[in-house]
1. Residues with beta-carbon under 14 Å from that of residue 186, excluding residue 186: net charge, scoring Lys, Arg +1 and Asp, Glu -1?
2. Can you compute the helix-only [θ] at 222 nm over the chain? Use -39500 (n - 2.57) per DSSP H run of at least 4 residues, normalise by all residues, nearest 500 deg cm²/dmol.
3. Fewest first, what order do 131, 14 take by the number of other Cβ atoms within 10 Å?
4. Normalised by the residues of the chain, what does the relative contact order come to in percent, with Cα pairs under 8 Å and at least six apart?
5. Angle between the Cα long axis of helix 2-17 and the longest principal axis of the chain, 0 to 90 degrees, nearest 10?
6. Using the alpha-carbon centroid of each, what span in Å lies between the stretch 49-77 and the stretch 103-124?
7. Between (1) 111; (2) 128; (3) 141, which entry matches volume of the Cα convex hull per residue in Å³ as derived from the coordinates of this structure?
8. If the chain between residue 27 and residue 13 were fully stretched, how many nm would it gain, using 0.36 nm times the residue separation less the Cα-Cα distance?
Amino acid sequence: MNTFRAILWHDVMMGLRSSGGAALSAAFFALIVFLTPFGLGPESATLKSIAPGLFWIAALLATLLGLERVIQPDTEDGTLDLLRLSPLPMELVVLAKIVAHWITSGLIISLLAPFLGPMLNLDVAALPVLMFSLFIGTIGLSAIGAAAAALGASVQRGGIVLAILVLPLNIPFLIFGASAVANVQANTDPSQPLMFLAACTLIALVVGPIAAAAALRLNEE
């Protein structure tokens, strides 16, 4: 497990220090929310109705920004070859990278979202659900993103390729995450969409590392 912790710590530090890392993802997320009232007008009913979906769209796009740094840097500098020789299974190597990506993108976005909620007239009661749904869902987004990053590891500047691969798979997270927040605003129970969201994340956490490890082994050959 020392290898797992070392990979996790290294990737978190790189994400926090990198110009395209945590700061960029958080700034991009906040910028989308901040600019929306200027584009759609200050009418509170309109902003309130679009807020659940907009927060989730912003979170999805913000997590896409850091996908290239999940695998690509290790491929370019030879670190991935050393990781293949380590006793840690490739699936756990990928899991460490998923957790690091989530810490430097999804976790920060989840903590930031409640402070931005009032800008879109989101109900106070919906703020904890918004944070909780992003907390759960962004883990799944990172897991799926890591699998796509592994597939595109051999492609130089494959950001567009990664986006094309990831976006269709992220639609369930978008639907269930936004539905949970919308249910609170409509005074209905958000537990069902939250359970579906958690199920999607669990599936992504199982399938993502396995698919990513298989893609990296295929690239090795």
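Since every read-out is calculated from the coordinates, none of them should be taken as a lab result. Predicted model only: the values in this text are computed from it and were never measured. Note that we place each Cβ from the backbone using ideal geometry, even for glycine, and neighbour counts take in every protein chain shown.
1. So the environment of residue 186 carries a net charge of -1.
2. Working: 10 runs with 182 residues, N = 221.
Taking each H run of at least 4 residues, the total per residue is -28000 deg cm²/dmol.
3. Working: 131 20, 14 16.
So the residues, fewest neighbours to most, are 14, 131.
4. Values: 299 pairs, mean separation 57.7, N = 221.
Contact order relative to length: 26 percent.
5. Once rounded, one gets 50 degrees.
6. 15 Å
7. Among (1) 111; (2) 128; (3) 141, the one calculated here is (1).
8. Here the segment from residue 27 to residue 13 would lengthen by 3.2 nm.
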